[in-house]
Amino acid sequence: MTCGISCVDKTLNKSFYHLGICIAKHPGYFIIIPVLLTLLCMTGYQQLKYQIDPEYLFSPIAGEGKTERAIVEQYFKVNYTHRFNVGRITRPGRFGRVIVITKDGDENMIRREVFQELRQLDNLIQNATTTYDGDTYTYKDNCARWENECFENDILNLDAIMDDIEAGQLNLTFPFMFNPVTWDAHLFPVFFGGTKLTEDNHVISVPAIQLVYFVTADTKRQDAKGAEWEETFLRVVGNAEDSGRFKHISVSYFASRTLDHELEKNTKTVVPYFSSTFLLMGLFSIITCMMGDAVRSKPFLGLMGNVSAIMATLAAFGLAMYCGIEFIGINLAAPFLMIGIGIDDTFVMLAGWRRTKAKMPVAERMGLMMSEAAVSITITSVTDFISFLIGIISPFRSVRIFCTYSVFAVCFTFLWHITFFAACMAISGYRERKNLHSIFGCRVQPMSVAIKEKRNFLYKAIMAGGIDPNDPDNPIDNKDHMLMAFFKDKLAAVINNKWCKAIIILAFASYLVGACYGITQIKEGLERRKLSREDSYSVEFFDREDDYYREFPYRMQVIIAGPLNYSDPIVQEQVENLTSTLEHTSYVTSRRYTESWLRSFLSFLERNNELLNVTVDDEQTFIDAVKEHWLFPGNPFSLDVRFNDDETQIIASRFLIQAVNITDTNHEKEMVRDLRQICKDSPLNASIFHPYFVFFDQFELVRPVSLQAMVIGAIIMMIISFVFIPNILCSLWVAFSVISIELGVAGYMALWDVNLDSISMINLIMCIGFSVDFTAHICYTYMSSKKRSPKARVREALHSLGLPIVQGSSSTILGIVALLLAQSYIFLVFFKMVFLVIFFGAMHGLFLLPVLLSLFGPGSCLTWTGKDDGSDAEVDDSLDERQLEKPFSQSYYMQYPTMGINGPYGTKGFMGAPYKAYGVDEKDLGLGTSGEDSSESSSSRSQRRQQQAAAITAEEEVVVRESPRRRYEEECWRRSSYQNIYGQGAAQFQAQPDLYGQQVSAAEWRQRLDKHEQQQRQRQRRNPYDSYHQDKDLDMEMQRARRNSHGDVIDMHGGTPNSSADERLRREPFSAGSGDDSSYRHPSGVVPPAKRYHRRRSSEDSTHRHQRWPANIEERRARRTHSPAQNRPETATPSYAYRSSSHHNLYQPNGKGSKHPPTYQYGDYFQ
């Protein structure tokens, strides 16, 4: 099944053709206008809105965690100024944290010298001064407070009993204990990390201690002052650690602004590589666009391809900023990708230009180039546009913003390339037309002329190029691109080898196995440490947090919303069941760590019922008892109950549970999912919340969203490919390639230590479009090929797109190398995943798809049956398989009564020329006429025949790289105006028994002739044409009068006769008489002794449409030297074929002596 052409394809080709002509006629407008539009759009950078908030960018827009936080803040809003409790916060707020470990070799932190340095560190932090808006303050001036007391790290008060602890007189009891000196309630899990305990829960050693400092953030001003204090905190602690101030402790530090700083640093680290990347890409483009031909080389066009992509990206970003779209640091990866896309289009357009004829006008070449590149670059742009468009509906703002900017950039890159870059190509085309040097701009000589004039080696190596106007088809000046020839001749031969096909399929199977294994190893979620640079101070903090504080990581809040009668035993039982169910999961520790106001209050009443003498049988007495005896202001439980306005009903309450032993992001995802499900299954309106749950929501969404995007993208890509390439088989192969490449990227990214998160999801969505580029190009070229042989289709596809694919993939990978050097996880993920998709896409396009299409595509039956030898690169496409395999009985026999030739376009002759059917509707014009006006002069007819012969010769020049024998046969056959019996002419002849009654195919007939010629050469080591002089006696004995269809006598010893048209083309005129055979000079230079070829002048025109001689000289020589007439008995009565006056009716008089069936054969006639 051959790829058809849809209205979309036609419209694109036609539109781009006219666009190319318009650009060629007015290139200046198409250069100036894009430049002016770029400058205009760049003014939008004044509207830049830079966004670096991690929660805003990397958490789902409508995540469940944000809904839960809204519920908590509706009933229990945090009061940093007066009622702050660290376990009950809803947002991170403004804080500073330090994790301290020892650096003197002793892992135990419970030592006097360690706590002395901890005190020094605490004093340093609390006494550091900060200035904001003219206001100077310290931590104590701006700290979060509980009952007007600053939030303090009470664990430092252990220094009051440190002597007793070191002496072993006092044991620290885990998880909490009262300080016998200060009466502080020390909650050790909050401060101690990696604690080692005895069986009695006594502390043996503490490897790490963390200190936390919170400042107020209730108002915008307080938040701004807190942000400024964080800057002071990071600076002071960092200087102390870097200066080696502490001898026994090592400090790692972190603040709420740390991630903001890291995102900003990520942006700044990649900016310095822009210039080096552009230089590298420009150098690569210049080198790959150069050729050995100094005129046809296009180094500056490679550079202008980069300039076009950069201009388009700048204009796109400026317009997006004008639209008010926020800018994020990840967007800086887009220019690297856009350069890769633009350079890919550059190479495709340059390949299309190289396939046009150099002697054509520039406007025509531009039109053909744009028409040929229309589908390829449009598919690339549309698929990339759609893939980024899919990303815009993502629930993550970082993905939305990046894809929005990329959509603008893809559109502008496409438009700029078909206008600005195309205009640059037109200017370069005019330079090439004038044969000017591609670099120096001076006029140079073509290589053929330089060789004739014997120019020096340096000139031929550097300066020579272009074509000679006097000989535009000289093969020396029209050499194919070396790498394009490599893909056609070398790589295609490897791929067409059956063993190589098997190896490629096995390698593909191994690739799929590895991808499927990698998918099972995918980890989900964006870890906070991966937002930081590798050399950031925060990386050490995150590592210590993972090492020492994963045992008790999260203090979670369970909220019960809605009015309830908590005095009702049923409600109390429901609350208790919910609490117990949560505590009995593997994610939550024992009830010892749970803070439940209801459980503790009921336990308090049970223990003190006789003393208090209160009843809680109804709702009002229950509320009164709670407010009086339990929810006093100094009790933290007072933050867990919310009354209505008149305080007659409890409308919301909460309790706290402690997570335990959460190891990684997958464990965090499972914990959040299971705990939420428990709350949903409860009869109460319960929800669970922690500030980090807002980030954990991405763990739940990233997998289904990514899978949904990939499925939708694959379906859309298949539809798009079918629109542009209207072949369902091709669309299925494109969809298969997209799915295969996406599987490979998803699987191998996991093996390359890339998690499935919002960053990798951006790349997965982007990869949908990138995976189509190379595969769609190959499928389109393969399916639209006119070749019958799958091997020939493979050669054609690789010749057309092998080099652009390698150039495009290499340029894209080179363009993102800078992301590898940025030392940022975000940009490193971009590099890894883009590298994977480009590499896999190129491998699919260059190796896998050609193999699969040759096995399951059009003409694959030839591959499976082994009839596709592929040895002849120029396999004849005009015949179907049945015609090629059709046996030829008499290879040159035409059957009576009609001689109409039914070509592919009706009744036409060779190369589409009109061929009238004799004996159908044609009037008999009499003997010696050919259907033309009989009054036409002989010279006019001769002139027209010469023009027709020249036209045929021009069409023959289209055939390239033919074998000498095949080219010689076809030239001899066509120039004698005969139909090529091995080409389209085969459809004219009917299968008949050959001279010996055997069925002989065209291939077998040619083999016999070759074999006979070899035998003749072995028997006769001299020129067969010289046999006339040496074997005269034998010839006289064998000579018989032979007649052609006109009854003319032919003496075969005088050389093989030719048609009059062919003879006129081959001989040199020595006299004015066009029909005077005496003016003919023998090719050998010796005039024959006698004129042996006699014919009527009136029969000359009759040969114009009817071919009488074999297709090539070998067959003529074979029949002349070894004719079936030699085997005829001498007693047999000869009878000859005659042509009647109707000029088309061949008949044979069947005399009594006739013993053989009549036959008709060009050249010789035997009965």
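The values are calculated or read from the model by the stated rules, or taken from the named source; none is laboratory data. Given the structure is predicted, the values throughout are model-derived calculations rather than measurements. Using ideal geometry, Cβ is built from the backbone for each residue, glycine included, and neighbour counts are taken over all protein chains shown. The accessibility values were calculated without ligands, DNA or RNA, using every heavy atom of the protein model including side chains. Shrake-Rupley method; radii C 1.70, N 1.55, O 1.52, S 1.80 Å.
With the Cα gyration tensor of segment 8-66 giving a ≥ b ≥ c as the square roots of its eigenvalues, does the rule (a/c under 1.5 for rounded; else a/b larger than b/c for prolate; else oblate) give rounded, prolate or oblate?
It is oblate, given that a/c is not under 1.5 and a/b is not larger than b/c.
Could you calculate the contour length gain from Ser250 to His629, that is, 0.36 nm times the residue separation minus the distance between their Cα atoms, to one decimal place in nm?
Going from the current span to full extension adds 131.9 nm.
Can you give the accessible area of Tyr45, probe radius 1.4 Å, in Å² rounded to 10?
The accessible area comes out at roughly 80 Å².
What does the accessible area per residue of segment 440-563 come to in Å², with a 1.4 Å probe and no ligands, DNA or RNA counted?
Value returned for segment 440-563: 53 Å² of accessible area per residue.
Of the heavy-atom accessible surface of segment 517-658 (probe 1.4 angstrom), what whole percent is carbon and sulfur?
It is 47 percent, rounded to a whole number.
Quick query: amide H of His437 versus all other amide H atoms, modeled in the peptide plane; which residues come in under 5 Å with a sequence gap of 5 or more or a different chain?
Cys442, Arg443, Val444
Which residues does the label zone of Leu39 cover in segment 288-311, counting backbone N under 16 Å from a point 7 Å along Cα→Cβ?
Residues passing the 16 Å test: 311.
Between Asp141 and Lys196, how high is the FRET efficiency from 1/(1 + (r/R0)^6) when r is the Cβ-Cβ distance and R₀ = 51 Å? Nearest 0.05.
That gives a FRET efficiency of 0.85.
Looking at this model, which pairs from Lys49/Lys669; Lys25/Lys434; Lys25/Lys298 are more than 22 angstrom apart at the alpha-carbon?
Over 22 Å Cα-Cα: Lys49/Lys669.
Arranged from highest to lowest average of other beta-carbon atoms within 10 Å per residue, in what order do the peptides 1007-1016, 116-125, 793-802 appear?
Put in order of decreasing packing, that is 793-802, 116-125, 1007-1016.
I'd like the FRET efficiency for Cys442 and Gln1007, computed as 1/(1 + (r/R0)^6) with the beta carbon distance as r and R0 of 51 Å, rounded to 0.05.
Calculated value: 0.40.
Counting only pairs 8 or more residues apart or on different chains, how many lysine pairs in segment 442-515 have their Cα atoms under 18 Å apart?
The result is 9.
Which residues does the label zone of Glu149 cover in segment 624-663, counting backbone N under 13 Å from a point 7 Å along Cα→Cβ?
Inside the label zone: 634-636.
At a Förster radius of 51 Å, what calculated FRET efficiency corresponds to the Cβ-Cβ distance of Thr621 and Asp543, to the nearest 0.05?
0.40
Can you give me the solvent accessible area of Glu264 with a 1.4 Å probe, rounded to the nearest 10 Å²?
60
Where in segment 230-251 does the amide nitrogen come within less than 15 Å of the point 7 Å from the Cα of Glu166, taken along Cα to Cβ?
Only 248-249 fall inside the zone, counting backbone N under 15 Å.
With every protein chain present, what is the per residue accessible area of segment 140-284 (1.4 Å probe, Å²)?
Accessible area per residue, segment 140-284: 46 Å².
Roughly speaking, to the nearest percent, how much of segment 69-153's 1.4 Å accessible area is carbon and sulfur?
Taking all protein chains in place, segment 69-153 shows 42 percent carbon and sulfur surface.
With every protein chain present, what is the per residue accessible area of segment 662-795 (1.4 Å probe, Å²)?
For segment 662-795, the per-residue accessible area is 30 Å².
Expected output is a single nm value to one decimal: the length gained when fully extending between Lys49 and Ile476, i.e. 0.36 nm times separation in residues minus the C-alpha distance. What is it?
So the extension gain works out to 147.8 nm.
Which distance in nm do the two modelled labels at Phe604 and Glu670 give, with both placed 7 Å along the Cα-to-Cβ direction?
3.9
Determine, for each peptide in 152-160, 196-204, the mean count of other beta carbons within 10 angstrom over its residues, then list the peptides with the highest first.
The peptides rank, most packed first, as 152-160, 196-204.
Take the solvent-accessible surface of the protein heavy atoms, probe 1.4 Å, and return the percent of it on segment 402-465 that carbon and sulfur atoms account for.
Carbon-and-sulfur percentage of accessible area, whole number: 67.
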